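Please treat every number below as a calculation from the coordinates, not as lab data. Bear in mind the structure is a predicted one, so any value in this text is a computation, not a measurement. Neighbour counts run over all protein chains shown; Cβ positions are idealised from the backbone, glycine included.
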Amino acid sequence: MWWFLLMAFAGFIVVHLAKMMRLYLVLMEHKIKLSRFILLYLKTTFVNLVVPFKLGEVYRVFCISRETKLWPVGILSVVVDRFFDIVALFLVLLPFDLFIGKKLSFITAIFFVLIVFAVAVFASIAPTYRYLNRYIIMHKTSKRAIWFLKVLDIIKNWYDFTNHLIKGRFPLIILASSIGWIAEVGTLKALSLYKGIRFGVGDFSAYMEAIFLAGKSPILKTYTVTGAVTIAVFLVIGLVSYYLSVFLKARRRE
C-alpha cells in the first residue's frame, strides 16, 4: 500500500507546482525574485490549508501587497487567481457531472452562476464607464457628480489593472489551473486508497462542497493535514535555504 502514499505525494507536488505556476503567470509582470516568490507561495498556501473556508487568502493579499508594494496588485491578483481556479474546477467537474453523475451537482451549478456573473460584470465595465462618464460630464455639474466621476475612474483603473494582469496569458493560467485540479483528483484517489476511504465522482463534489460550503467529506481532513505537513516541511527547507544564501552573500561582500 505504500505506493499509494508515494503516488499521493507525487500528485501533491504536481498540484502545487501547477498552482504556483498559475499565480506566477498572474504576477509575472511584477518580476518578483523566484526564491522570494516560492517562499511567498509556500507560506500563504500553508496558512490557507490550516485556516478554514479559504480565509487564508486575506493573508495572501497582504503578502503580495507587501512584496509588490502595491495593494491593488495584492487584491486583484488573488481575485484573478481565485476566478481562474473556479473556471478550471468547473471545467473539470462538468464532464464528471454530465457523463458519470448524469446531473449537475450543487457546487458545479454555483460555480457556473459565479463565472457567468463575473464575466458579465467584467465585460460591462468598459462600455458602462464610457457611457456614464460622457453623460455626467455633459449633463451634471454638482459635487455629487464630481464624486461619482472619481468613483468611476477608480473602477476603470482597477479594470485596467485586472486586464493587464491577465492579458495574453489567460489560456496558460486556465491550463495550469486545470492541470492542478486534475492532479488533485488523482492525489485524492491515491490518498483514499492508502487510507481505505471511499472516494468516487460524487465524493469529489462533496469534497468541494466541504471546502467552499462547509459540507462534510471524509477525505478532506486527511488531505488537509497531509498537505499542511508537506507544505510546512518544504517551507522550513525554503526558509533555511533562503536565509542561508542571504547570509553567505553578506559574508562574501565583507
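Could you order peptides 168-181, 71-84 by the average number of other Cβ atoms within 10 Å of their residues, highest first?
Details: 168-181: 17.6, 71-84: 19.6.
Peptide ranking by packing, descending: 71-84, 168-181.
R0 = 25 Å: FRET efficiency of TRP71 with ARG144, Cβ-based, nearest 0.05? Could the numbers behind the result be given before it?
Details: r = 27 Å, r/R0 = 1.08.
The value I calculate is 0.40.
Quick check: from the Cα gyration tensor, does the stretch 89-172 come out rounded (a/c under 1.5), prolate or oblate? Prolate, since a/c reaches 1.5 and a/b exceeds b/c. Is the C-alpha gyration tensor of the stretch 131-254 telling us rounded, prolate or oblate? Criteria: a/c under 1.5 is rounded; beyond that, a/b larger than b/c is prolate, otherwise oblate. Taking the square roots of the gyration eigenvalues as a ≥ b ≥ c, the stretch 131-254 is oblate.
Ordering ILE154, ILE86, VAL185 by Cα displacement along the dipole of the stretch 2-253 toward the positive end leaves ILE154 in first place; charges were set at the Cβ atoms of Lys, Arg (+1) and Asp, Glu (-1). Comparing Cα centroids, the stretch 192-244 and the stretch 80-142 end up 28 angstrom apart.
Taking a straight line from the alpha carbon of LYS156, these lysines sit under 27 Å away, with near neighbours fewer than eight places off in the same chain left out: LYS31, LYS69, LYS140, LYS143, LYS167. Using a simple spin-label model with pseudo-atoms 7 Å out from Cα toward Cβ, VAL116 and ILE32 lie 3.4 nm apart. FRET efficiency for the pair TYR129 and PHE62, taken as 1/(1 + (r/R0)^6) with r the Cβ-Cβ distance and R0 = 30 Å, rounds to 0.55.
Which of the trypsin sites (Lys or Arg not before Pro) found in the stretch 1-62 are loop residues per DSSP with 14 or fewer other Cβ atoms within 10 Å of their Cβ? List each step's numbers first, then the result.
On the way: sites: LYS19, ARG22, LYS31, LYS33, ARG36, LYS43, LYS54, ARG60; in loops: LYS31, LYS33.
Of the trypsin sites (Lys or Arg not before Pro), the ones in loops of the stretch 1-62 whose Cβ has at most 14 other Cβ atoms within 10 Å are LYS31, LYS33.
Find out how many positive minus negative residues lie around LEU89, taking Lys and Arg as positive, Asp and Glu as negative, among other residues whose Cβ is under 11 Å from that of LEU89. If you can, show how the numbers build up before the last one.
Working: positive: ARG82; negative: ASP85, GLU184.
Residues close to LEU89 contribute a combined charge of -1.
Of all aspartates and glutamates in the structure, the ones whose alpha carbon falls short of 14 Å from that of LYS33, not counting any fewer than 8 places away in one chain, are GLU67. For the stretch 207-246, backbone nitrogen atoms closer than 12 Å to the point 7 Å from ARG82 Cα along Cα-to-C-beta are found at 212. Taking the chain on its own, what percent of its Cα-Cα pair distances exceed 24 Å? Pairs farther apart than 24 Å: 56 percent. Between the Cα long axis of helix 106-139 and the first principal axis of the chain there is an angle of about 20°, rounded to the nearest 10. The angle between the Cα long axis of helix 218-253 and the longest principal axis of the Cα atoms of the chain comes to about 80 degrees, rounded to the nearest 10.
May I ask for the angle, rounded to the nearest 10°, between helix 71-95 and the longest principal axis of the chain, with both axes built from Cα atoms and the value confined to 0 to 90°? Roughly 60 degrees, rounded to the nearest 10. Only lysines eight or more places from LYS189 in sequence, or on another chain, were considered; those with a Cα closer than 25 Å are LYS19, LYS54, LYS102, LYS103, LYS216, LYS221.
Using mean Cβ contacts within 10 Å as the protection proxy, how do 226-238, 119-131, 6-18 order, highest first? Provide the component values of the computation, followed by the final result.
Numbers: 226-238: 16.1, 119-131: 12.1, 6-18: 17.6.
With the highest mean Cβ count within 10 Å placed first, the list reads 6-18, 226-238, 119-131.
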